[in-house]
1. Write out, first by first residue and then by second, each pair whose Cβ atoms fall under 9 Å of each other, whose residues are 6+ apart or on separate chains, and whose first residue, in the range 197-215, is polar (S, T, N, Q) while the second is modelled with pLDDT of 65 or more.
2. Filter the range 23-64 down to the residues that are aliphatic (A, V, I, L, M) and in contact with an Asp or Glu (Cβ under 6 Å, 6 or more places away or on another chain), then identify the one that is modelled with the lowest pLDDT.
3. Which of the strands (runs of 3 or more DSSP E) found entirely inside the range 4-80 contain at least 1 residues meeting this: in contact with a Leu (Cβ under 6 Å, 6 or more places away or on another chain)?
4. Among the candidates ALA172, ALA127, ALA188, ALA144, which residue alone is buried (at least 21 other Cβ atoms within 10 Å of the Cβ), free of Cβ contacts under 8 Å to residues at least 40 places away in the same chain and small (Gly, Ala, Ser)?
5. Does VAL116 qualify as being touching a helix residue (DSSP H, G or I) at 6+ places or on another chain (Cβ under 7 Å) and closer than 21 Å to LEU10 by Cα?
Amino acid sequence: MRHITARRSLVAAMDELGQAGLNQGASGNVGLRVPGGLLITPSGVPYEQLRPGDLVEQDMEGGVVQGRLRPSSEWRFHRDILAAYPETDAVVHVHSPYATALACLNRPIPAFHYMVAVAGGMEIPLAPYATFGSQELSDQLLAAMGDLRACLLANHGLVVRATGLEQALGLAREVENLARQYLLALQAGDPVLLGLEEMERVLERFAGYGPGGGD
């Protein structure tokens with residue numbers, strides 16, 4: 001079996017997402033760059049049943065190199081993100097409760113808190129709705145994400161990308177926490193947003209910190 005260490009890491013990542021409540025059952029998926037292509041979680045396998053041999057290796061054209069199960073229906077945007085961002089090695093997609101709630105309201109996450117800059121910009125954007133598993137969804141996602149590292153999918157969930165798997169998992173947790181805080185603020189009134197100049201200062205400061213930024 002090829003890429004056993006990467007396979008074990010992906011299984012552990014899916015378990016971590018499930019235990020943290022960011023995914024339930026067979027929802028969500030994780031992809032990891034390997035030489036010549038990617039490893040991705042299979043379609044329809046609950047995280048608690050996932051084993052290293054269940055993961056699917058694909059080439060960058062979408063063909064299956066090794067795997068007895070079907071790849072995640074979202075393999076297209078995993079492949080396209082890895083192709084578009086050479087510095088990215090890991091992609092995490094979750095249906096986490098708070099980020100998904102905002103996505104179903106068709107709301108991006110604006111600069112209500114300086115930690116929004118953890119995704120690399122002034123907001124965490126929202127990609128327009130497209131059918132799951134479609135090339136249209138992948139195209140909409142990449143257009144909305146731009147040079148950022150996280151993006152909500154309208155009526156769907158959250159996608160993050162990072163240099164490594166641990167960084168991607170951490171970013172998914174952070175965006176879910178921001179989504180929760182933003183929803184709480186909306187319940188109390190109209191959140192006060194930080195201005196462009198302040199967010200530019202925050203981004204400059206984040207550039208000097210380790211992975212994830214913050215205080």
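1. Close Cβ pairs (under 9 Å, with a partner that is modelled with pLDDT of 65 or more) do not exist here.
2. Taking the range 23-64 and keeping what is aliphatic (A, V, I, L, M), we get 26, 30, 32, 34, 38-40, 45, 50, 55-56, 60, 64.
After this cut, where a residue has to be in contact with an Asp or Glu (Cβ under 6 Å, 6 or more places away or on another chain) as well, the list is 39, 45.
On the way: LEU39: 97, VAL45: 92.
Among those residues, the one meeting the criterion is VAL45.
3. Values: elements: 29-34, 37-40, 56-59, 64-66.
Fully inside the range 4-80 and qualifying: 29-34, 37-40, 56-59.
4. Working: ALA172 fails: free of Cβ contacts under 8 Å to residues at least 40 places away in the same chain; ALA188 fails: buried (at least 21 other Cβ atoms within 10 Å of the Cβ); ALA144 fails: buried (at least 21 other Cβ atoms within 10 Å of the Cβ).
After ruling out the rest, the residue left standing is ALA127.
5. Numbers: touching a helix residue (DSSP H, G or I) at 6+ places or on another chain (Cβ under 7 Å): yes; closer than 21 Å to LEU10 by Cα: no.
No; evaluated as a whole, the condition is false for this residue.
Table: residues versus (1) charged (D, E, K, R); (2) surrounded by fewer than 21 Cβ atoms within 10 Å (Cβ to Cβ); (3) without any contact (Cβ under 8 Å) to a residue 40 or more places away in the chain.
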{"position": "VAL11", "(1), (2), (3)": "no, yes, no"}
{"position": "GLU16", "(1), (2), (3)": "yes, yes, no"}
{"position": "GLY44", "(1), (2), (3)": "no, yes, yes"}
{"position": "PRO52", "(1), (2), (3)": "no, yes, no"}
{"position": "VAL64", "(1), (2), (3)": "no, yes, yes"}
{"position": "SER72", "(1), (2), (3)": "no, no, no"}
{"position": "ALA84", "(1), (2), (3)": "no, yes, no"}
{"position": "GLU87", "(1), (2), (3)": "yes, yes, no"}
{"position": "PRO97", "(1), (2), (3)": "no, yes, no"}
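The values are calculated or read from the model by the stated rules, or taken from the named source; none is laboratory data. Note that this is a predicted model, so its numbers are computed, not measured. With ideal geometry, Cβ positions are generated from the backbone for all residues, glycine too; neighbour counts draw on all protein chains shown.
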